[in-house]
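S.K.: Encoded as structure tokens, here's the structure I'll be asking about.
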Amino acid sequence: MKVFLKEDVKNLGRIGDVVNVAVGYARNYLLPQKFAVEANTKNIKEFEHNKKVIQERAAKVMGANKAEAEKLSAVTLTLRAKAGEEDKLFGSVTTMDIAEALKAAGFDIDKKKIVIPEPIKRLGNFTAEVKLHHDVSATIALNVVQE
């Protein structure tokens, strides 16, 4: 089934792309979530008419994400964790822990948008990447200290 994307969809395409997807994926996910519309002549003409509005909205979202990325890059989070001998943690610091610390700092970031290169299992300084948009990401500094 051919659909016209109204929003950016990860691993599928960007706003305005016409993509061919499985019928079930379109009917059960893309269409109900209003991420896409069926690619028929009426919808394509309507989209061409609204294309400028959609591009302006995308630029506004991109600008907001860039501003938030600048604010996030200035943040250094201090995470407290229980540790044993040789500064090894009991468990590890997860993206959920980082998301909670960001929420306490005033940022509402979903844990799925946080990427850590490897599990944090020791005390020390680390970095994590926050992907706000497919083109915008911020790097935050993490300081893991003993509880």
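The values are calculated or read from the model by the stated rules, or taken from the named source; none is laboratory data. As the structure is a computational prediction, the values presented were derived from the model and not from experiment. Here the Cβ positions follow ideal geometry from the backbone for every residue, glycine too, while neighbour counts run over all protein chains shown.
S.K.: Thr78 fails exactly one of the following numbered conditions: (1) in contact (Cβ under 8 Å) with a residue 24 or more places away in the chain; (2) closer than 18 Å to Asp8 by Cβ. What is the number of that condition?
M.R.: (2)
S.K.: Moving to a separate point now. When you look at Ala81, is it under 26 Å from Lys113 (Cα atoms), at pLDDT 85 or above and not assigned by TED's automatic domain parsing to the domain that holds Thr127, yes or no?
M.R.: For Ala81, the condition - under 26 Å from Lys113 (Cα atoms), at pLDDT 85 or above and not assigned by TED's automatic domain parsing to the domain that holds Thr127 - is not met.
S.K.: Among what's in the stretch 52-82 and is surrounded by 11 or more Cβ atoms within 10 Å (Cβ to Cβ), out of contact with any strand residue (DSSP E or B) (no Cβ under 9 Å at 6 or more places or on another chain) and of a type in the set (Val, Ile, Thr), pick the residue that is nearest to Phe107 (Cα to Cα).
M.R.: Restricting to residues being surrounded by 11 or more Cβ atoms within 10 Å (Cβ to Cβ), out of contact with any strand residue (DSSP E or B) (no Cβ under 9 Å at 6 or more places or on another chain) and of a type in the set (Val, Ile, Thr), the top hit is Val61.
S.K.: Residue by residue through the stretch 95-110, note down the ones that are in a helix (DSSP H, G or I), crowded, with 17+ Cβ neighbours inside 10 Å and of a type outside the set (D, E, K, R).
M.R.: Thr95, Ile98, Ala99, Ala101, Leu102
S.K.: Within the stretch 26-34, identify whether any single residue is basic (Lys, Arg) and surrounded by 11 or more Cβ atoms within 10 Å (Cβ to Cβ), and answer yes or no.
M.R.: There is at least one residue in the stretch 26-34 that is basic (Lys, Arg) and surrounded by 11 or more Cβ atoms within 10 Å (Cβ to Cβ).
S.K.: Going by the conditions given, is Asp8 within 25 Å of Asp135 (Cβ to Cβ) and touching a residue at least 60 places away in the same chain (Cβ under 8 Å)?
M.R.: So Asp8 passes the test.
S.K.: Report every pair of residues separated by at least 6 positions or lying on different chains whose Cβ atoms are under 8 Å apart, first residue within the stretch 15-26 and within 21 Å of Ile54 (Cα to Cα), second of a type outside the set (Ser, Thr, Tyr) and part of a helix (DSSP H, G or I).
M.R.: So the pair list comes out as Ile15/Ile54; Ile15/Gln55; Ile15/Ala58; Gly16/Phe47; Gly16/Lys51; Gly16/Ile54; Val18/Ile44.
S.K.: Any idea which residue in the stretch 121-147 is farthest from Glu85 (Cα to Cα), counting only those that are surrounded by 13 or more Cβ atoms within 10 Å (Cβ to Cβ) and without any contact (Cβ under 8 Å) to a residue 40 or more places away in the chain?
M.R.: Lys131
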